[in-house]
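Novice: Got a structure here, written out as structure tokens. Questions coming.
Derivation of every value follows stated rules applied to the coordinates shown; laboratory data play no part. In this text the structure is predicted, and so the values were computed from the model without any measurement. As a convention, Cβ positions derive from the backbone with ideal geometry for all residues, glycine included, and neighbour counts pool all protein chains shown.
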Amino acid sequence: MRQFKTESKKLLDLMINSIYTNKEIFLRELISNASDAVDKLNFKSLQDPSVKIDQGDLAIRVSFDKDARTITISDNGIGMTAEELERNLGTIAHSGSEEFKTENAEQQGSDVDIIGQFGVGFYSAFMVASHVKVVSRAYGEDVAHVWESDGLEGYTIEDGERAEHGTDVILTLRENEKLDADGEAETYDRFLTEWGLKSLIQQYSNYVRYPIQMMVSKSRQKPKPEDAGDDYKPEYEDYQELETVNSMTPIWKKRSSDVEQKDYDEFYKSTFHDFDDPARTISFHAEGTLEYDALLFVPGRAPFDLYSKDYEKGLSLYSSNVLIMEKCDDLLPDYYNFVRGVVDSADVSLNISRETLQQNRQLKAIAKRVEKKITADLEDMRDNDREAYEKFFENFGRGLKYGIYSSYGMKADELADLLLFWSAKEQKMITLAEYAKGMPEDQKAIYYAAGDSRERLAKMPVVKGVLDRGYDVLLLTQDVDEFTFQAMREYVAADMPKIYEDDAAREAAEKAVADGAEPEVEDRHLELKNVATGDLDLATEDEKKEAEDATKENEDLFSAMKEALGDKVEKVAVSARLTDAPACITTEGPLSLEMEKVLQKGPE
Ligand code: ADP
Ligand code: MG
């Protein structure tokens, strides 16, 4: 008996003891593995002329035996060698296995959540099966091997037989003694019926691109015997026939008007291992020199490893029904790394390796279009479904800001209008454009304060001071916020009411509007100003004079204070930025005190 690796054991344990109600997803997981295996062989045959397969033979087969309580999922894909059985089924190298450990320790019992965060994969079989047997023969090998396991105790690998390359996964379903979440006895008998399996395949695996075949019972009229008399009544007989159960047409090849959202949702969940529906579905077909279909999803929540270095972005790239690359990262900019989906183009050459891909002009063109579509869709959500957008932004906003910051502001044109910040005046999340629209005419800059809590920022005397002048202040609480603003330096607000320098021009414009002309608009360059640093230049002439006088009058006091505080302060001076607070601490130079604190702490 061989032992499972520690991480695998934990995942397995979770599956065996799962109270997760959606146990039926085991079938989708095993079918998706079968489809992957067929994909691999298909791809190999396209790259290596010595690998000869008949495309038309590629298929997945599902069968069951009610008395033996078994379900078998077979494929004629690439198969596994003994080493591969050991490696792939003894150790499930889920990218998040480390996180999984800690997560699991912290939230014992909430397996629904954990299962929801992983592509649960092969081990999900143990949610319903007490025994799992895998018979596999790798393409090009003469021998087959059998992997078997009853669960946590371990597994065995022995020599076996199989007529051709491919894999059979044979599950022996548990007896019905297990209790589900509500304490009811669970019955797995529903999986041991033709109808039960067929409907699961159609629900979860309809768009798998290879035929999923099942023997189904049918009934037909017997031929009329020659000697049948006048009173002959037609007789019927049952027979079995191999039937392709799934639709096979890739969902992204269908016109979006022909697909229901729930089918997109199901496709998304089964393909990308998410248990939540996507927040947005974007599908389009491009024609011209480069033809392709794209189906993209914005997840409803951030994958648990999105901000870890293990996270791999990318879209699945298909060409003529063959998966070329599972995560083609050239198709997505970093700041849209959360987007999942598929691009399928017959025009993309099949024999591409990673290196040549990178220079591939076609991919660049597709990526550009993909990015535009995503941006447009996010803008649409921002303008037409703000509640959903706020949720989206909570999940993925950090990445958008980081996109601006890491491009030294170069990406601000594309991304700035997708950002939301907390408005101290409106008490809600607003865009920079909304901030600009709400400005009094004399306001020249966008004011913000950065720190770790809104409550504390709102209490800062300098924030109050700016608010008291009728100007809104954005309260930034994410570490990346202030860096983002510094990278941007300014925000260009479009379509702002034109400000006229001299009275004559203004009067002429007012008259024109009165006569029916559209009011003139202009782009306004608004500096992004931290209320806690440098000179805000908000004081009126009188206030400035007053401050100057106060400075002169109190010269002795200030030098005494400076002497007492020593190196702790750079200087002590009168401030024109305060309204009702007696004193405040500010910094000079570009960084706020709050940000200096963040920097000293080091990044998260
Ligand atoms: P994933 O599919 O996400 O890689 P799984 O737990 O579903 O994870 O499967 C683990 C691995 O086992 C797969 O990556 C694959 O290498 C191998 N495997 C599983 N099922 C099959 C199969 N039917 N044919 C060939 N290899 C398989
Ligand atoms: Mg899998």
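Novice: At a Förster radius of 25 Å, what calculated FRET efficiency corresponds to the Cβ-Cβ distance of Lys437 and Met410, to the nearest 0.05? Please list the in-between numbers first.
Specialist: Working: r = 25 Å, r/R0 = 1.02.
Between Lys437 and Met410 the formula returns 0.45.
Novice: To continue, here is another question. So how much slack lies between Thr6 and Arg255, counting 0.36 nm per residue of separation and subtracting their Cα-Cα distance, in nm?
Specialist: Details: separation 249, 0.36 × 249 = 89.64 nm, distance 4.57 nm.
Computed gain between Thr6 and Arg255 is 85.1 nm.
Novice: In percent, what relative contact order does the chain have, based on Cα pairs under 8 Å that are 6 or more apart in sequence? Mind dumping the intermediate values first?
Specialist: Values: 989 pairs, mean separation 54.6, N = 604.
The value is 9 percent.
Novice: Among the lysines, select those whose C-alpha is under 16 Å from the C-alpha of Lys9, and discard any that sit fewer than 8 residues away in the same chain.
Specialist: Lys9 reaches Lys101.
Novice: Under 5 Å between amide hydrogens, which residues at least 5 positions from Val473 or on another chain qualify, with H placed 1.01 Å from N in the peptide plane?
Specialist: Ala424, Lys425
Novice: Follow-up question, since we're still on this one. How large is the charge dipole for the chain, taken about the Cα centre, if only the Cβ atoms of Lys, Arg (+1) and Asp, Glu (-1) carry charge, to the nearest 20 debye? All intermediate terms of the calculation are to be shown ahead of the outcome.
Specialist: Numbers: 75 positive and 124 negative charges, 192 e Å.
Using Cβ point charges on Lys, Arg, Asp and Glu, the chain gives about 920 debye.
Novice: Could you work out [θ]222 nm for the chain from helices alone, using -39500 (n - 2.57) per DSSP H run of at least four and dividing by all its residues? Round to the nearest 500 deg cm²/dmol. Don't jump to the answer; show the numbers that get you there.
Specialist: Working: 19 runs with 212 residues, N = 604.
Computed mean residue ellipticity for the chain: -10500 deg cm²/dmol.
Novice: Where does the Debye-calculated log10 I(q)/I(0) of the chain sit at q = 0.06, 0.08 Å⁻¹, using only Cα point scatterers of equal weight, no solvent?
Specialist: The calculated log intensity ratios at q = 0.06, 0.08 Å⁻¹ are -0.48, -0.75.
Novice: Under a 5 Å amide H to amide H cut-off, with H placed in plane at 1.01 Å, what residues pair with Gly314 once short-range neighbours are removed?
Specialist: Excluding prolines and chain starts, which carry no amide H, there are no hits.
Novice: Hey, fewest Cβ within 10 Å first, where do Ser219, Ser149 land in order?
Specialist: Numbers: Ser219 8, Ser149 24.
In order of increasing Cβ crowding within 10 Å: Ser219, Ser149.
Novice: Can I ask one more? Identify all lysines with a Cα-Cα distance to Lys571 below 21 Å; exclude those on the same chain that are fewer than 8 residues away in sequence.
Specialist: Candidates past the 8-residue exclusion: Lys544, Lys545, Lys552, Lys562, Lys597.
Novice: Using a Förster distance of 56 Å, how high is the FRET efficiency between Thr244 and Gln486, based on the Cβ-Cβ distance and rounded to 0.05? Provide the component values of the computation, followed by the final result.
Specialist: Working: r = 59 Å, r/R0 = 1.05.
For R0 = 56 Å, the calculated efficiency reads 0.45.
Novice: Please state the charge dipole magnitude for the stretch 293-419, taken about the Cα centre, from unit charges on C-beta atoms (+1 on K and R, -1 on D and E), reported in debye and rounded to the nearest 20.
Specialist: Values: 18 positive and 23 negative charges, 54 e Å.
The dipole of the stretch 293-419 has a size of about 260 debye.
Novice: Something else about it: Report, in listed order, any pair from Lys44/Lys253; Lys498/Lys529; Lys391/Lys437; Lys364/Lys437; Lys459/Lys568 with a Cα-Cα distance greater than 31 Å. Present the calculation step by step, with values, prior to reporting the outcome.
Specialist: On the way: Lys44/Lys253 24 Å; Lys498/Lys529 22 Å; Lys391/Lys437 23 Å; Lys364/Lys437 36 Å; Lys459/Lys568 23 Å.
From the list (Lys44/Lys253; Lys498/Lys529; Lys391/Lys437; Lys364/Lys437; Lys459/Lys568), the Cα-Cα distance tops 31 Å for Lys364/Lys437.
Novice: If you don't mind, there's one more thing I want to ask. Return the FRET efficiency for the residue pair Glu83, Thr587: r is the Cβ-Cβ distance, R0 is 41 Å, and the value is rounded to the nearest 0.05. Mind dumping the intermediate values first?
Specialist: Working: r = 61 Å, r/R0 = 1.49.
It comes to 0.10.
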